[in-house]
Amino acid sequence: MKIHPPIVGLAFVLPILFFAAPTGSAQEKKVVPATGPVYETRADHDPDGIGKFYCGREIAQVMGHQAADWLERPEREEEERPSLALKALKLKSGDAVADIGAGSGYYSRRLAHEVGTNGVVYAEDIQPEMLTLLTNQMASAGIKNVKAVLGTITDPKLPPASVDLIIMVDVYHEFDHPYEMIEAMIPSLKPGGRIAFVEFRGEDPAVPIKPLHKMTEAQVRKEMTAFPLKWVETSEVLPRQHIIIFRK
């Protein structure tokens, strides 16, 4: 889970793999092989991004483990109302949920309670330091139905056909390889499994988050057209974010 502070933002950049900007015009494009997605790199880009573009959107920098305290800030419930997000997800006891970019486990702990002891939460992150924080948090809270998963920038490493819901809270916009990540997630879904994007509303200039760390509903839906996913609903119950849900 990678949340950015209002206005100022904290962005500790991990090693990011992206195409080097070609010489010449900043608008020149470099494309991955024809069978994959089209990415573009630009030398002239937003300082909050990595200079790599997908479907017209610049990919944002990643928040590192050094800023994990931001994820656990006391005012987060008031600002983001995660309790309302959990209700909107309509989870059932015994469900299997994957929390992608789980960070310190802020959502994973809450998801674990929702699915109960017969359910499981796969808490995935690409930063081992985050997973150490997460496992310590679970041990302190006595939570035993959360499994830490170390993923990569192209694959969350989830077990196949095992998950009822994949949730990404303010993280998808930071994926260095968004196409490859979603492509790798889909086989882990059970038939009828869902993918939920919780993103700060890019349509709303009043949301005090830097532009690259927000996404519009239209952009998310545009990027998902490449996959065997059907849009189900978009919930606007949260004060600053929307919840955009797709079904396999």
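The values are calculated or read from the model by the stated rules, or taken from the named source; none is laboratory data. Not measured: the values here are computed from a predicted model. Neighbour counts run over all protein chains shown; Cβ positions are idealised from the backbone, glycine included. What goes into the accessible areas is simple: the full protein's heavy atoms, side chains included, and nothing from ligands, DNA or RNA. Shrake-Rupley method; radii C 1.70, N 1.55, O 1.52, S 1.80 Å.
When segment 202-248 is filtered for residues that are of a type in the set (Lys, Arg) and touching a residue at least 60 places away in the same chain (Cβ under 8 Å), the ones remaining, listed by number, are Lys210, Lys222, Arg240, Lys248.
Where helices (runs of 4 or more DSSP H) sit wholly within segment 32-134, none has at least 2 residues that are free of Cβ contacts under 8 Å to residues at least 12 places away in the same chain and crowded, with 18+ Cβ neighbours inside 10 Å. Taking segment 62-100 as the range and being under 16 Å from His173 (Cβ atoms) and touching an Asp or Glu at 6+ places or on another chain (Cβ under 6 Å) as the test, the residues that pass are Val62, Ile100.
Screening His173 on (1) in contact with a His (Cβ under 7 Å, 6 or more places away or on another chain); (2) within 19 Å of Ala123 (Cβ to Cβ); (3) not aromatic (Phe, Trp, Tyr) shows it passes everything except condition (2). For Thr152, the stated conditions do not hold, so it cannot be described as out of contact with any Cys (no Cβ under 7 Å at 6 or more places or on another chain), among the β-branched types (Val, Ile, Thr) and assigned to a helix (DSSP H, G or I). Picking from residues in segment 135-149 that are assigned to a strand (DSSP E or B) and touching a helix residue (DSSP H, G or I) at 6+ places or on another chain (Cβ under 6 Å), the one that is surrounded by the most Cβ atoms within 10 Å (Cβ to Cβ) is Val146.
Candidates in segment 187-218 are the residues that are under 27 Å from Glu77 (Cβ atoms) and touching a Lys or Arg at 6+ places or on another chain (Cβ under 6 Å); of these, the one that is surrounded by the fewest Cβ atoms within 10 Å (Cβ to Cβ) is Val207.
The residue that is farthest from Tyr54 (Cα to Cα), counting only those in segment 219-248 that are open to solvent by 10 Å² or more (accessible area, probe 1.4 Å) and assigned to a helix (DSSP H, G or I), is Arg221.
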